[in-house]
Amino acid sequence: MYLPYQVILIPLVQLMAKTGLALSHFGLIGSNLILSVPFAATLLGTFFLGVPRELEEAAEVDGANRIRAFFQVISPVALPAYASVTIIIFTQVWNEFLLALMLATPRTQTIQLKLTEIKGTFVALYNLQMAGALITLIVPMVFFLALSKYFVKGLLAGALKG
């Protein structure tokens, strides 16, 4: 997790090639999962360490087992953390270029690779490039706006005492 992903890019591509997933949607999804899950687990683990133990104990006193206490008490408290991690990982995967360049075919290209195709070889059509960039920006912007109220809470969770 602490290494730049470019360090493990060649072994990751070799792994995807050996499993037969190199030039498919499942290969891109699996590679992004391999790269994103440790980061998400670290962020969520840090958040859950800050959740007061008394919440779980109160649920157990009310008769809930550990699983029910997690899903009915701890998970609602963790919604800001889930939203923050979701926004960060989604933005990271959406903007991914190098991994998609290594593992994609023309049929499985991401929008970032398609955006680079707009740039001409001899003529730079800036109006098309800016229109493409704006279209590329719409999906993450809507996603962020939908989860923004949780995002700020998730970033500030555990930062302040009281």
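The values are calculated or read from the model by the stated rules, or taken from the named source; none is laboratory data. From a predicted model like this one, the values you see are computed outputs, not experimental measurements. Reconstructed Cβ throughout: ideal geometry from the backbone, glycine too, with neighbour counts over all protein chains shown. Side chains are part of the model used for accessible areas, which takes the heavy atoms of the whole protein and leaves out ligands, DNA and RNA. Shrake-Rupley method; radii C 1.70, N 1.55, O 1.52, S 1.80 Å.
Taking the stretch 101-119 as the range and being under 23 Å from ILE10 (Cα atoms), hydrophobic (A, V, I, L, M, F, W, C), open to solvent by less than 90 Å² (accessible area, probe 1.4 Å) and not in a loop (DSSP other than H, G, I, E, B) as the test, the residues that pass are MET102, LEU103, ILE111, LEU113. Could you run through the stretch 61-97 and say how many residues are of a type in the set (Phe, Trp, Tyr) and not in a helix (DSSP H, G or I)? So the count comes out to 1. Filtering LYS161, LYS149 for residues that are over 26 Å from HIS25 (Cα atoms), open to solvent by 90 Å² or more (accessible area, probe 1.4 Å) and either at pLDDT 85 or above or assigned to a loop (DSSP other than H, G, I, E, B) (or both) leaves a single hit, LYS161. Could you please find all residues in the stretch 34-69 being surrounded by 13 or more Cβ atoms within 10 Å (Cβ to Cβ) and free of Cβ contacts under 8 Å to residues at least 12 places away in the same chain? Listed by number, the residues that qualify are GLU60, ALA64, ARG68.
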